[in-house]
Each structure stands twice: as structure tokens, then as C-alpha cells.
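Reading through the C-alpha cells given below for one structure.
The values are calculated or read from the model by the stated rules, or taken from the named source; none is laboratory data. The model shown is predicted, which means the values in this text are computed figures rather than measured ones. Counting neighbours? That spans all protein chains shown, and the Cβs are built from the backbone with ideal geometry, glycine included.
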Amino acid sequence: MVGDIINRNIELDVAAPYKLAMGSLPVKGVSIKGVELRDIILTEKKSPEGTHYRLQLYYQIFASGKNARKFVLPAENLRITKAEQSLKVTIPAWKYRVSPIAAFGEVYIEQDMSPYRGPMLVDSGYLKPLLAVFLGLVVISIAGLIYINADPAWFPGMGGPFSSSYRLVSNLTESLESNRRAVLSIHQAFNKTYGQNLFEADVQEFLQQHPGFSKIRHEVEAYFNLSNEVLFGANPDRQIAASLPVLVKFCEACRNCERGVA
């Protein structure tokens with residue numbers, strides 16, 4: 001493109017007693033068809049057999065156009081001399097293509113499938129770390145949802161007393177006997193969590209030992225009022241005030257407190 005620099009390296013071995021004629025070197029600053037010879041660097045290494053020359057030519061592109069165009073670095077003729085003798089060494093021309101910095105008008109790349117044009121790759125390197133982050137968030141989210149909602153006892157942190165009680169209560173069908181079983185199962189979960197039999201008078205101490213349940217303090221107190229009537233009341237056969245869906249919801253809330261996700 002405009003402003004780019006092209007570098008050509010020429011390695012030349014000249015047998016003694018021949019030498020490279022300095023006057024035959026290309027002239028720095030000469031411009032041909034929009035290509036300027038910007039710099040010349042010549043190094044030489046002598047030996048008894050002759051001299052090894054390394055010629056570095058730096059060309060800068062100033063030509064431009066609306067479309068990609070073919071250009072040619074012209075051939076350069078060097079001379080090696082010995083006394084009055086002179087031999088010519090030709091550096092061959094080199095073809096290349098100059099493309100505009102910005103496309104002009106509509107571009108149909110299928111009409112210009114030149115071997116000079118490399119594959120136009122899309123830089124996706126910056127997407128890989130983002131993809132890893134998003135995949136990590138997805139895995140964490142799925143694990144969190146499983147931990148909050150799943151019931152298998154083998155999953156870490158899911159074998160607590162209220163988790164077991166919830167599996168039992170949620171599978172019961174609405175009936176007076178099922179309600180009693182649900183109340184008893186939840187009460188046993190409280191006993192296991194407390195480490196001993198838990199009664200209504202011990203609720204405050206239980207909440208101090210397990211502050212995670214403080215978020216449902218009123219529900220816990222209401223449950224123990226119901227539990228006392230059902231399990232220890234004078235008339236245990238009376239209709240239970242709380243229905244099975246209410247007990248299932250309360251047990252689920254206790255399970256969430258137990259897991260620390262309430």
C-alpha cells in the first residue's frame with residue numbers, strides 16, 4: 001500500500017581479483033513510476049578467494065490508485081571490474097501489486113482472485129477469553145440451579161434433614177393422614193437440625209444457633225403452633241388448619257435455608 005517499504009537483499013560472490021564497481025550501484029533517492037529507492041546498505045566480507053557482497057535495497061511505495069495494480073521493481077545492472085576488464089551482473093526485475101488504502105466504489109472480490117492477495121482472516125482471538133468466561137458463568141449458573149432446586153441426596157449439600165423431608169412431603173397426596181405425615185416429617189427435620197427434640201419454647205434458641213432460618217421466623221413460629229395442635233393436642237383427629245400445599249411450600253423454604261440459598 002501507499003507508504004509501505006519493500007526490502008530486497010542481494011548476495012553476490014565475486015572471485016579475486018574482481019571487485020564490485022561502486023559507481024554501478026543504484027542511486028539513492030531515484031524514483032521510478034512512484035517507487036523511490038529510499039536507502040542502500042552495502043556490506044562486504046573479504047577472503048583470499050574473493051569478496052562476498054551483501055546489498056540491501058529499500059524501496060518506498062508512493063504510487064496509488066482506485067484499484068489494485070501490478071507494478072515491477074526494475075532490473076538493476078551492477079558491474080564487477082578487474083583492471084580494464086568489466087563484467088555486467090543483472091539483478092532481475094521483481095513483480096508486486098499495490099492496493100489502495102481504501103476501496104473505491106463497489107468491490108467484487110470474486111473478480112480479483114489474485115495470488116498476490118492473501119486470505120482475509122477475521123481476528124477472533126479476543127473472543128476466546130470471552131467465550132471461556134461465558135462458559136464458566138453458564139456452568140456456575142447450571143450448578144447453582146441444580147443446587148437450589150434439585151432433590152437427589154447424593155449431590156453434595158443435598159442430604160440435609162429438610163431435603164429428605166421435602167422429598168417425602170412433596171410426594172404426598174392431599175388427605176388428613178398425609179397432612180399429619182408432613183407435619184411429623186418436618187418436625188423430625190427440625191429435631192435433627194437442632195440435635196434434640198425441638199419444642200415451641202426452644203424456637204428462639206434454634207434461630208440463634210441457625211440464623212439462616214431467621215428469614216422465615218414467622219413461618220417457623222406458625223408451624224410450631226400447628227405442630228403442637230396436631231402432634232400433642234387433645235384432639236389429634238381434628239381437621240388440620242394448614243393444607244398440604246402450604247406444608248410443602250414451608251418445607252421447601254426450610255430446605256433453602258438449610259442450603260443457604262433462601
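Answer yes or no: is there a residue in region 46-64 that is assigned to a loop (DSSP other than H, G, I, E, B), of a type outside the set (S, T, N, Q) and under 50 Å from the mean Cα position of the chain (by Cα).
Looking through region 46-64, at least one residue is assigned to a loop (DSSP other than H, G, I, E, B), of a type outside the set (S, T, N, Q) and under 50 Å from the mean Cα position of the chain (by Cα).
Of all residues in region 8-23, which are surrounded by 15 or more Cβ atoms within 10 Å (Cβ to Cβ) and in a strand (DSSP E or B)?
Answer for region 8-23, where residues must be surrounded by 15 or more Cβ atoms within 10 Å (Cβ to Cβ) and in a strand (DSSP E or B): Leu12, Val14, Lys19, Leu20.
Given the structure, is Ile80 in contact with a helix residue (DSSP H, G or I) (Cβ under 9 Å, 6 or more places away or on another chain) and not basic (Lys, Arg)?
yes
Just checking, which of Thr81, Thr173 is among the β-branched types (Val, Ile, Thr), modelled with pLDDT of 75 or more and under 30 Å from Pro17 (Cβ atoms)?
Thr81
Can you find a residue in region 116-132 that is of a type in the set (A, V, I, L, M), under 30 Å from Val35 (Cα atoms) and modelled with pLDDT under 80?
First pass over region 116-132, keeping only residues of a type in the set (A, V, I, L, M): 120-122, 127, 130-132.
With the extra rule that they be under 30 Å from Val35 (Cα atoms), the set shrinks to 120-121.
Filter once more, keeping what is modelled with pLDDT under 80: 120-121.
Looking for residues that are of a type in the set (A, V, I, L, M), under 30 Å from Val35 (Cα atoms) and modelled with pLDDT under 80, one finds at least one in region 116-132, hence yes.
Check whether at least one residue in region 24-36 is closer than 19 Å to Lys88 by Cβ and part of a strand (DSSP E or B), and report yes or no.
no
State all residues of region 1-29 that are free of Cβ contacts under 8 Å to residues at least 60 places away in the same chain and under 16 Å from Gln60 (Cβ atoms); if no residue qualifies, say none.
Step one: filter region 1-29 for residues free of Cβ contacts under 8 Å to residues at least 60 places away in the same chain, giving 3-5, 7, 9, 11, 13, 15-16, 22-29.
Once the filter is applied, which keeps residues that are free of Cβ contacts under 8 Å to residues at least 60 places away in the same chain and under 16 Å from Gln60 (Cβ atoms), region 1-29 yields Gly3, Asp4, Ile5, Asn7, Pro26, Val27, Lys28, Gly29.
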